[in-house]
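Read through the structure below, which is laid out as structure tokens, and then see the notes.
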Amino acid sequence: MNSETMKALVIKEPGSASIESVPRPTVDQGKILLRVRMVGLCGSDLNSFRGKNPMVQFPRIPGHEIAATIVEGIFSFPALAAGVNVTMSPYTNCGKCASCLRGRPNACAFNETLGVQRDGALAEFITMPPEKLYPAALSIKELCLVEPLTVGFHAIARGRVTSADKVAIFGCGGVGLGAIAASHFSGATTIAVDLDDDKLQLAKKAGAKHIVNSTKAPLHEQLLELTDGRGPDVIIEAVGHPQTFRAAVEEVAFTGRVVYIGYAKEPVTYETKLFVQKELDILGSRNALPEDFRSVIKMLEERKFPVEDAVGTIVSFDDAPGILAAWSSNSLEFTKIMVQLD
Ligand SMILES: [Zn+2]
Ligand SMILES: [Zn+2]
């Protein structure tokens, strides 16, 4: 029995989080003990805090965007020695479902994400299997940004984006920003679409060549003008509204690709003849693969992402419950929040 305890942020019920004393994890066979250094918060954590995610049961420790330092390594993984800083994949994969058998463990039917179906990383220590860890020559803040960016990188990979493509990204929040950076990093001409000028300015710094505020002029005309009258070759939907779900198939070029990362909370009605008439590839995109983690790390190592601009607020561990509550009551006031644990 391990009687040692540690501090953790626990959401006890919707709307109520506090720093609690919980048992410190014991190091199971084949796992690595890590000291958590920084954890980023994203919309899914906010959803959990608000009790809006049906997959979350309470009490729950949130946190899946993680920078940590290895406390105790494993002999068989020399790159993962004590003292090495890492980021990590917060997903599990069963190895037996259709997705896993097809080599697409990111879409495992039985996935458990840290902080969602199982306790997450807003605690002093966690243990992880070595294959989920990614050491990199990055700062703690950069390591913490890797996971949120991988989701957009995966969408760009799903869309088979090349440097010949004109790619429009609908929505410049955390996920959309990753897709913008990935599109630019792959050499494509990148068009960022949002309703918010501040987000569009950040999108520009992340690599968008063109920015489109769809409240200021009709989206259709603006996109045609930027794509020689054909429409974008690829559209990434990172909003999750029925309107943007539909606009993606309406605006994309003939024989183009549409990638959905946004989760629509209600059914969407479509003019399905466009699927056939344009012979579209319509793709879903979920979580990320190991190669997406490696691509984001490469981009950050090459200093090609505006890290300082992308992080809005850094708070101490003790202030984390307060910032969750403040964010929940005024979600527009905050951009990316990170919690520093040391
Ligand atoms: Zn996240
Ligand atoms: Zn599986």
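The values are calculated or read from the model by the stated rules, or taken from the named source; none is laboratory data. Since the structure is predicted, the reported quantities are computational estimates derived from the model, not experimental observations. Here the Cβ positions follow ideal geometry from the backbone for every residue, glycine too, while neighbour counts run over all protein chains shown. Heads up: the accessible areas ignore ligands, DNA and RNA and are worked out on the full protein's heavy atoms, side chains in. Shrake-Rupley method; radii C 1.70, N 1.55, O 1.52, S 1.80 Å.
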Within segment 147-168, the residues that are within 15 Å of the chain's Cα centre (by Cα) and of a type outside the set (D, E, K, R) are 148, 149, 150, 151, 152, 153, 154, 155, 156, 157
Counted residues in segment 77-113 being without any contact (Cβ under 8 Å) to a residue 40 or more places away in the chain, within 14 Å of ligand 2 (Cβ to nearest atom) and not polar (S, T, N, Q) come to 13
Here the residues within segment 219-237 that are farther than 18 Å from residue 161 by Cβ and open to solvent by less than 70 Å² (accessible area, probe 1.4 Å) are 219, 222, 224, 229
In segment 299-324, residues that are aliphatic (A, V, I, L, M), in a helix (DSSP H, G or I) and within 18 Å of residue 42 (Cα to Cα) total 5
The residue from 268, 296, 276 that alone is assigned to a helix (DSSP H, G or I) and open to solvent by 20 Å² or more (accessible area, probe 1.4 Å) is 276
Would a scan of segment 141-151 turn up a residue that is touching a residue at least 24 places away in the same chain (Cβ under 8 Å), part of a helix (DSSP H, G or I) and in contact with a His (Cβ under 8 Å, 6 or more places away or on another chain)? yes
Within segment 114-135, restricting to residues that are open to solvent by 20 Å² or more (accessible area, probe 1.4 Å) and assigned to a loop (DSSP other than H, G, I, E, B), the one that is nearest to ligand 2 (Cβ to nearest atom) is 117
Taking segment 21-64 and keeping only residues that are more than 16 Å from ligand 1 (Cβ to nearest atom) and in contact with a Pro (Cβ under 8 Å, 6 or more places away or on another chain), one is left with 30, 31, 32, 33, 51, 58
Selection over segment 93-122 where residues are within 16 Å of ligand 1 (Cβ to nearest atom) and out of contact with any helix residue (DSSP H, G or I) (no Cβ under 9 Å at 6 or more places or on another chain) yields a count of 6
Of (1) away from ligand 1 (no atom under 16 Å from the Cβ); (2) modelled with pLDDT of 95 or more; (3) not basic (Lys, Arg), residue 1 satisfies every one except (2)
If we keep only residues of segment 328-342 that are closer than 20 Å to residue 144 by Cβ and over 18 Å from the mean Cα position of the chain (by Cα), then the residue least open to solvent (accessible area, probe 1.4 Å) is 341
The residue from 256, 176, 171, 240 that alone is more than 28 Å from residue 302 (Cβ to Cβ) and buried (at least 24 other Cβ atoms within 10 Å of the Cβ) is 256
If we take segment 175-256, then helices (runs of 4 or more DSSP H) inside it with 2 or more residues that are without any contact (Cβ under 8 Å) to a residue 60 or more places away in the chain and farther than 23 Å from residue 279 by Cα are 197-205
